[in-house]
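Each remark here refers to the structure printed beneath this line.
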Amino acid sequence: MKRRRVILDTDAKNEADDQFAIVHALLSPSLDVRGLIPAHFGEHRSTRSMEESREEIDRLLHLVDLDTPVANGAAHALTDEHTPQDSPGARLIIEESLLASEEDPLYVGFLGPLTDMASAILLDPAITQRPVVVLWIGGPGYDGVDAWPGREFNLGNDIAAANVVFDSGITVWQIPRNVFAQVSVGYAELEEKIRGTSPLADYLIDQLVEWNTAHHPAPIESRTLGDSPVVALMLFPGGGSFRERPAPRFDPSGSYVAGAGHPVRVAESIDVRFLLEDMFAKIRRFGRDSV
């Protein structure tokens, strides 16, 4: 089977959806996961958020019994748009970009802030000329179409980094909030589709319900798996509709303002049926194969 080279940069312990995306990627035979990069998620919940993401990634790798390389990302956001946060994660992105070719590009998926991508660009500006595709879950919807108001979380955790990446000219596929918010799954569906198939499946469900119980103020029996579109597009880049837009910048409130203007691809829909059914099938198959 032909394989697509990918890296996932993930604030894995921030909420409860990164875990599903990570597992989906690891269980997909057409993805050659070259490394996982634990990312920070600000300091409003923890003063060691990157380390907590690392611990969660290690837990998932134990559950799937894999030794995929892990390279720690930055512990904090950029201090400005000119100074990188050097880290093993940023260096991994650079190293893998040097192996990329037009026939075998590198796909780097960001399920949190863009800190490590911005740092890689600042450390090695030539990376923007290599065949690297940056897929990012982040930013509000365009043209007033959005799922809910306020500053989008991943963007808000490092606005400077987002500006570095969007200004750089590197290939960007953005999945904004109004699109990633559509990937929701209910407790009942999770129970019926994957409960009891493996300790991995049970952990995924339990940690999702526990997070909602601890942090969600309103009655709820579902969760948005908002990070999973990155994996779906890595598996099938044609599995979404896109509009090409001039690259914006982001002001301190997280709103779009005029930017460099080179083209970025902005997702306007994702094949949610494929995303969820493929993920559920692979988790069930993992359970059968691990017996």
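Exactly one residue out of Asp206, Asp227, Asp202, Asp251 is of a type outside the set (A, V, I, L, M) and touching a Ser or Thr at 6+ places or on another chain (Cβ under 8 Å), and it is Asp227. If you filter the stretch 155-193 down to residues that are charged (D, E, K, R) and either within 30 Å of Arg273 (Cα to Cα) or touching a helix residue (DSSP H, G or I) at 6+ places or on another chain (Cβ under 6 Å) (or both), you find that the one that is surrounded by the fewest Cβ atoms within 10 Å (Cβ to Cβ) is Glu192. Residue check: Pro131 meets all listed conditions (1) within 18 Å of Tyr107 (Cα to Cα); (2) buried (at least 24 other Cβ atoms within 10 Å of the Cβ) but one, namely (2). So which pairs qualify, if the first residue must be in the stretch 17-30 and among the hydrophobic types (A, V, I, L, M, F, W, C), the second must be surrounded by fewer than 24 Cβ atoms within 10 Å (Cβ to Cβ) and assigned to a loop (DSSP other than H, G, I, E, B), the Cβ gap must be under 7 Å, and the two must be at least 6 apart or on different chains? Final answer for the pair search is Leu26/Leu66; Leu26/Thr68. Assess whether Ala201 counts as being buried (at least 19 other Cβ atoms within 10 Å of the Cβ), of a type in the set (Gly, Ala, Ser) and touching a Lys or Arg at 6+ places or on another chain (Cβ under 7 Å). When the stated conditions are applied, Ala201 passes them. For the stretch 210-245, how many residues are without any contact (Cβ under 8 Å) to a residue 12 or more places away in the chain, part of a helix (DSSP H, G or I) and surrounded by 12 or more Cβ atoms within 10 Å (Cβ to Cβ)? Here the count works out to 0. Which residue, of Ser222, Ser228, is at pLDDT 95 or above, among the hydroxyl-bearing types (Ser, Thr, Tyr) and under 15 Å from the mean Cα position of the chain (by Cα)? Residue meeting the stated conditions: Ser228.
Have a look at His76, His82 and point out the one that is in contact with a His (Cβ under 8 Å, 6 or more places away or on another chain), without any contact (Cβ under 8 Å) to a residue 60 or more places away in the chain and farther than 26 Å from Ser228 by Cβ. Residue meeting the stated conditions: His76. So which residues in the stretch 56-69 are out of contact with any Pro (no Cβ under 7 Å at 6 or more places or on another chain) and of a type in the set (A, V, I, L, M)? Passing the criteria: Leu60, Leu61, Val64, Leu66.
Could you grab me the full set of residues in the stretch 121-151 that are at pLDDT 95 or above, farther than 25 Å from Phe236 by Cβ and touching a Pro at 6+ places or on another chain (Cβ under 9 Å)? Answer for the stretch 121-151, where residues must be at pLDDT 95 or above, farther than 25 Å from Phe236 by Cβ and touching a Pro at 6+ places or on another chain (Cβ under 9 Å): Ile121, Leu122, Leu123, Pro140. Taken as a whole, the structure leaves Arg223 outside the set of residues that are touching a Phe, Trp or Tyr at 6+ places or on another chain (Cβ under 9 Å), among the charged types (D, E, K, R) and closer than 23 Å to Arg249 by Cβ.
Tell me, please, whether a residue that is modelled with pLDDT under 95, touching a Gly at 6+ places or on another chain (Cβ under 9 Å) and small (Gly, Ala, Ser) can be found in the stretch 38-50. Checked against the condition, which is being modelled with pLDDT under 95, touching a Gly at 6+ places or on another chain (Cβ under 9 Å) and small (Gly, Ala, Ser), the stretch 38-50 yields at least one hit.
The values are calculated or read from the model by the stated rules, or taken from the named source; none is laboratory data. Only a predicted model underlies this, so the values are computations on that prediction, with no experimental measurement involved. Backbone-built Cβ (ideal geometry, glycine too); neighbour counts: all protein chains shown.
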